[in-house]
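Student: Below you will find the structure I want to go over with you.
What follows draws every value from the coordinates through simple rules; no lab data is involved. These figures come from a predicted structure and were not determined experimentally. A quick note on method: Cβ atoms are made from the backbone with ideal geometry, for glycine too, and the neighbour counts reach across all protein chains shown.
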Amino acid sequence: MSDRVILEVCVDTPAGLAAAIAGGADRIELCSALALQGLTPAPGLMAIAAEAAIPIYPMIRPRHGDFVYDAREVDAIFRDIDAARKARLAGVVVGANRPSGELDVDVLAMLVAHADGMGVTLHRAFDLTPDPFAALETAIDLGFERILTSGGALNAMAGSSMIAALVGQAAGRIAILAGGGVNPSNVAELVARTAVREVHGSCSAPMVEGLAQGHEHRAHELGFVPDGLRDTDEAVVKAVVEALRGL
């Protein structure tokens, strides 16, 4: 395992993708609608991302809400995995729960098999499981290469004790990717607390470009521009990278 801590940045726009790469991200989780915690990205964004020199893992999530999927939604996920493969992306990010919150082993086994030859990350559906230690073993058995988790808490710092316990149990058999509220001011402490070798964040800042051209009030009024609009920021990515390189 590399001594260097890997930074994965989640992005949902072409500009955010460019900023993450320029800032020094090691891997990209490609999404749409990060305000909804990430949905499957559009084919155009996948095509642009495929030109990057670093690994791109699209989030495969066909709708917002929970991760309890019916047969139609699983079919949509299959097709989105196919689209990621066609774009020659390195891997995919998937997850599925049963109504109890446990990982849906049957669905996940089909998704991992469908993504054969690609990397596969288990997303924060993991954080909804009632027994994360059992879920970790399930993820290993299914063939996932990493688990994205906040330790079941609202953010990774709050869940750092659980993340550290998961890292200990994993013992190198699967990577634990700590995500949720990761920023330049806390990433070094998070790594020290948990011993993770991979961290995940949006590295975002408020968006200003395009919002001050005389129509912003009307665009906001019609619901096109929500409050608190943010996008990945190159300077924030660089600050997280610098904090990690200082470890």
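Student: What size of dipole, in debye to the nearest 20, comes out for the range 91-176 about its Cα centre when the only charges are +1 on Lys and Arg C-beta atoms and -1 on Asp and Glu C-beta atoms? Walk me through the intermediate numbers first.
Tutor: Numbers: 4 positive and 9 negative charges, 53 e Å.
Using Cβ point charges on Lys, Arg, Asp and Glu, the range 91-176 gives about 260 debye.
Student: From the helices alone, meaning DSSP H stretches of at least four residues, give me the mean residue ellipticity at 222 nm for the chain, per-run term -39500 (n - 2.57), in deg cm²/dmol to the nearest 500.
Tutor: On the way: 9 runs with 91 residues, N = 247.
Taken over the chain, the calculation gives -11000 deg cm²/dmol.
Student: While we're looking at this one, here's another question. Just how large is the dipole of the range 34-126 about the Cα centre, in debye to the nearest 20, putting +1 at every Lys and Arg Cβ and -1 at every Asp and Glu Cβ?
Tutor: Dipole magnitude for the range 34-126 comes out near 260 debye.
Student: Now, a different point. Considering amide H positions built from the backbone, and no H for Pro or chain starts, which residues 5 or more places from Ser150, or on another chain, come under 5 Å of its amide H?
Tutor: Gly179
Student: A further question on this structure: Taking +1 at the Cβ of each Lys and Arg and -1 at the Cβ of each Asp and Glu, which of Ser185, Thr149, Phe126 sits farthest along the dipole of the range 46-188 towards its positive end, judged by Cα position relative to the Cα centre?
Tutor: The residue sitting most towards the positive pole is Ser185.
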